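The block underneath contains the structure these notes are about, expressed in structure tokens.
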Amino acid sequence: MSEKPMILTDQNSGESVELPINRGTEGEPTFEIKAVPSKLGYFTYDPGYAATASCTSKITFIDGGMGILRYRGYPIEQLAEQSDFLEVAFLLMNGELPNRAEYDEFTAEITYHSMVHEKLNTFISGFHYDAHPMAMMAGVVGSLAAFYHAKLDMSDPGHRKLAAMRMISKMPTIAAACYRHHMGWPTAYPPNGLNYCERFLHMMFSVPAETYEVSSVAARAFDLLFILHADHEQNASTSTVRLVGSTGANPYACVAAGISALWGPAHGGANEQVLKMLEQIGDVSNVPKFVAKAKDRDDPFRMMGFGHRVYKNFDPRATIIREAAHEVLSELGQSDPLMDLALELERIALEDEYFIEKKLYPNVDFYSGIIYRALGIPVSMFTVMFAIARTVGWVSQWLEQSDNPTRIGRPRQVYAGETERNYVDIDQR
Ligand code: SDX
């Protein structure tokens, strides 16, 4: 039996309009509002899109109340435990887990595209040594369309797929080149004989003067973190990629826009801010003072790494990363006072009425920096790590939208400015 539509009635005019119900396979139902402007003369108003579904997608499902995250139906806990990043990339892009032959072909193609045009290294060398790597990434990734323009016919599915593969493959190479520019080291080219994460580590930390031994602990930790950061439905940066993509812009421009959106401290930039916050707190004895600052509406300080628009329960990724942080530190024989501080901060916050009432739990960014720090990644590169992983989600969502193009994204506004008035000559003002 088909579901009855919502009825929206304007009690001033008595006019009503039927709003069809739109249910997916899971999650809250929606009702379609496209008839409202023409039938009732109203637009809807939803700053921050907290109550708005922007698209239909089959890629990632989140249940914020239950702390559920699934990629193409597979629980994140199972993928974290049993899969690897490139298998997850194949899954997110294609909708199914690869068989052995598909996996081998996919990983070989990613390896094949891992080098970048040599002129990109010249581009990178033009940045000041202390440029923030996210600023460099946004500029360099946006410039890829200037290097790979031969196959950028967006109406050609083959060109779209190739651009997506190139993005996934070249992000670690570009990221490592940005880091090495900052360090004053020569470019390290991607060694094809290593896997995705081993190759990234080699490009980041190898130096010509000696043989570089890839740490299996580090490679495994990066692979896990990349899986956990790969996609997250319509977050701010993915929505940015979709909006830019809705204009028909090329995928390099879309991903460059996504990188810029991710950099914000309210989004992916939070992982860098969490480490700076923990260093600012410094000692467990200071935690109550900072919890009080976080609760003070007149204080701009926010507990970085806490809270989420969708999760009103634990972020399942934070739970996995917290355990992984313990494992990495113990496998490396390290201890990190900031880990102890983070655990104590979490304990105190989760017992505090403010955090309980506002349902503020640690999110994906709260513990990830502890692992990056233990593995020698500088704080300024933390969000770059997030961008490497999220490129898989961005290109998967861009491909999904490109395969079924939507109308160009163009929200409306509530105009609150001056009503019509006439120009006054400068000498009369
Ligand atoms: C990511 O969307 C995604 O999926 C993102 C992400 C992904 O994988 O793509 O999960 C990655 O971006 C994780 C979030 C990383 N950001 C941070 O850790 C920064 C700190 N967190 C906040 O800025 C905030 O929680 C957001 C941005 C994450 C969510 O913001 P919302 O949903 O707009 O919530 P809000 O700002 O409206 O907060 C609701 C209330 C407010 O209080 P009131 O105005 O109702 O009195 O909770 C308070 C906020 O002041 N609040 C916090 C807080 N987060 C929210 N108070 C103190 N510390 C915080 N961290």
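The values are calculated or read from the model by the stated rules, or taken from the named source; none is laboratory data. All figures in this text were calculated on a predicted structure; none of them were measured in a lab. In this analysis, Cβ positions are derived from the backbone assuming ideal geometry, glycine residues included, and neighbour counts consider all displayed protein chains. Heads up: the accessible areas ignore ligands, DNA and RNA and are worked out on the full protein's heavy atoms, side chains in. Shrake-Rupley method; radii C 1.70, N 1.55, O 1.52, S 1.80 Å.
Of everything in the stretch 75-101 that's loosely packed, with under 15 Cβ neighbours inside 10 Å and over 16 Å from Gln401 (Cβ atoms), which residue is nearest to the chain's Cα centre (by Cα)? Here the residue is Pro75. Taking Glu105, is it more than 15 Å from Val395 (Cβ to Cβ), of a type in the set (D, E, K, R) and part of a helix (DSSP H, G or I)? Yes: the conditions hold for Glu105. Answer with yes or no whether Ala177 is modelled with pLDDT under 95 and over 19 Å from the mean Cα position of the chain (by Cα). Against the criterion (modelled with pLDDT under 95 and over 19 Å from the mean Cα position of the chain (by Cα)), Ala177 does not qualify.
Scan the stretch 254-264 for residues that are assigned to a helix (DSSP H, G or I) and crowded, with 20+ Cβ neighbours inside 10 Å and jot them down. Residues satisfying the conditions are Cys254, Val255, Ala256, Ala257, Gly258, Ile259, Ala261, Leu262.
The residues of the stretch 126-167 that are touching a Ser or Thr at 6+ places or on another chain (Cβ under 8 Å) and farther than 21 Å from Leu399 by Cα, listed by number, are His132, Pro133, Met134. Any residue that is farther than 21 Å from Pro251 by Cβ, at pLDDT 95 or above, away from the ligand (no atom under 11 Å from the Cβ) and outside any helix (DSSP H, G or I) - is there at least one of those in the stretch 377-389? Within the stretch 377-389, one or more residues are farther than 21 Å from Pro251 by Cβ, at pLDDT 95 or above, away from the ligand (no atom under 11 Å from the Cβ) and outside any helix (DSSP H, G or I). The residues in the stretch 139-168 that are over 16 Å from Phe106 (Cβ atoms), surrounded by fewer than 21 Cβ atoms within 10 Å (Cβ to Cβ) and within 18 Å of the chain's Cα centre (by Cα) can be counted, and the count is 2. For the stretch 335-355, a residue qualifies if it is free of Cβ contacts under 8 Å to residues at least 60 places away in the same chain and loosely packed, with under 15 Cβ neighbours inside 10 Å, and the qualifying residues are Ser335, Pro337, Asp340, Arg347, Leu350, Glu351, Glu353.
Filtered by the rule that a residue be open to solvent by 10 Å² or more (accessible area, probe 1.4 Å) and among the aliphatic types (A, V, I, L, M), the stretch 222-242 gives Leu224, Ala236. Considering the stretch 8-39, and only residues there that are hydrophobic (A, V, I, L, M, F, W, C) and part of a strand (DSSP E or B), the residue that is farthest from the chain's Cα centre (by Cα) turns out to be Val17.
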